[in-house]
Amino acid sequence: MNKYIVIAIVLIVSSFGACKKSAGPPAPTPPRVPDSTVIMYATIDSATWAADSVSGLLIPFGNDSGHYNLSITAKGGGNSSVMNLYITNYTGAGTYNINPPMVSATFYRSSVRHFALSGQVSITNDSLSDLQGVFNFIADSANGMNVSGGVFRFPL
């Protein structure tokens, strides 16, 4: 009788082991998603322009003055176009009216320069980990190139 009890226990324990899933190969790693917090796009005349890369710098001026210039550069179309926004004496979130050379915006397409005559750059979030803003301007091109609905976001 004891022999049958031992056999029954062995069969029950081994059946629990049979229900256990094998570890198998590890779960696949999801593909890396591009950093969607790094963006710049705008409507240039009636066409949408989007940057492939965006970078920005806070450039100190004066020795330990605590004052900075903000430079934003975005490249698009496989580097065939470049958008530059520059704010002298950057003081943080707020609206900066285009007033060259203090506040400027320039768009280069295939080495042709389009320099902003009027417009605005507004910084809506000022953080080293997340600088955000909007911009628009009218350039000195023959037909007065219009850049509207500009948006940027990136870490400094």
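Go through the residues of the stretch 143-153 one by one and say whether even a single one is β-branched (Val, Ile, Thr), assigned to a strand (DSSP E or B), out of contact with any strand residue (DSSP E or B) (no Cβ under 6 Å at 6 or more places or on another chain) and surrounded by fewer than 17 Cβ atoms within 10 Å (Cβ to Cβ). Looking for residues that are β-branched (Val, Ile, Thr), assigned to a strand (DSSP E or B), out of contact with any strand residue (DSSP E or B) (no Cβ under 6 Å at 6 or more places or on another chain) and surrounded by fewer than 17 Cβ atoms within 10 Å (Cβ to Cβ), one finds none in the stretch 143-153, hence no.
Which is hydroxyl-bearing (Ser, Thr, Tyr) and touching a Leu at 6+ places or on another chain (Cβ under 6 Å), of Tyr108, Tyr86, Tyr90?
Working: Tyr108 fails: touching a Leu at 6+ places or on another chain (Cβ under 6 Å); Tyr86 fails: touching a Leu at 6+ places or on another chain (Cβ under 6 Å).
Of the residues listed, the single one that is hydroxyl-bearing (Ser, Thr, Tyr) and touching a Leu at 6+ places or on another chain (Cβ under 6 Å) is Tyr90.
When the stretch 52-67 is limited to residues that are open to solvent by 90 Å² or more (accessible area, probe 1.4 Å) and more than 16 Å from the chain's Cα centre (by Cα), the one that is nearest to Thr91 (Cα to Cα) turns out to be Asp64. In summary, strands (runs of 3 or more DSSP E) completely within the stretch 35-140 and bearing 3 or more residues that are within 12 Å of Val151 (Cα to Cα) occur at 39-44, 47-61, 112-125, 131-139. Within the stretch 71-89, can one find any residue that is charged (D, E, K, R) and without any contact (Cβ under 8 Å) to a residue 24 or more places away in the chain? Looking for residues that are charged (D, E, K, R) and without any contact (Cβ under 8 Å) to a residue 24 or more places away in the chain, one finds none in the stretch 71-89, hence no.
How about the stretch 75-88: which of its residues are surrounded by 13 or more Cβ atoms within 10 Å (Cβ to Cβ) and among the polar types (S, T, N, Q)? Those that are surrounded by 13 or more Cβ atoms within 10 Å (Cβ to Cβ) and among the polar types (S, T, N, Q): Ser81, Asn84, Thr88.
Tell me which residues, restricted to the stretch 117-133, are surrounded by fewer than 14 Cβ atoms within 10 Å (Cβ to Cβ) and among the acidic types (Asp, Glu). Across the stretch 117-133, the qualifying residue is only Asp130.
Are any residues in the stretch 94-116 at pLDDT 95 or above, open to solvent by 30 Å² or more (accessible area, probe 1.4 Å) and of a type in the set (A, V, I, L, M), and if so, which ones? Selection gives Met102 alone. Here Phe137 meets the list (1) exposed (fewer than 13 other Cβ atoms within 10 Å of the Cβ); (2) of a type outside the set (Lys, Arg); (3) within 19 Å of Trp49 (Cβ to Cβ) almost entirely, failing just condition (1).
Selection of first residues in the stretch 107-125 that are under 13 Å from Ser141 (Cα atoms) and of second residues that are of a type in the set (D, E, K, R) and surrounded by fewer than 21 Cβ atoms within 10 Å (Cβ to Cβ), restricted to Cβ pairs under 7 Å at least 6 apart or on distinct chains, gives the following pairs, ordered by first then second residue: His114/Asp140; Phe115/Asp140; Leu117/Asp140.
The values are calculated or read from the model by the stated rules, or taken from the named source; none is laboratory data. All values reported here derive from a predicted model rather than from experimental measurement. Cβ sites come from the backbone with ideal geometry, for glycine too, and all protein chains shown count toward neighbours. The accessibility values were calculated without ligands, DNA or RNA, using every heavy atom of the protein model including side chains. Shrake-Rupley method; radii C 1.70, N 1.55, O 1.52, S 1.80 Å.
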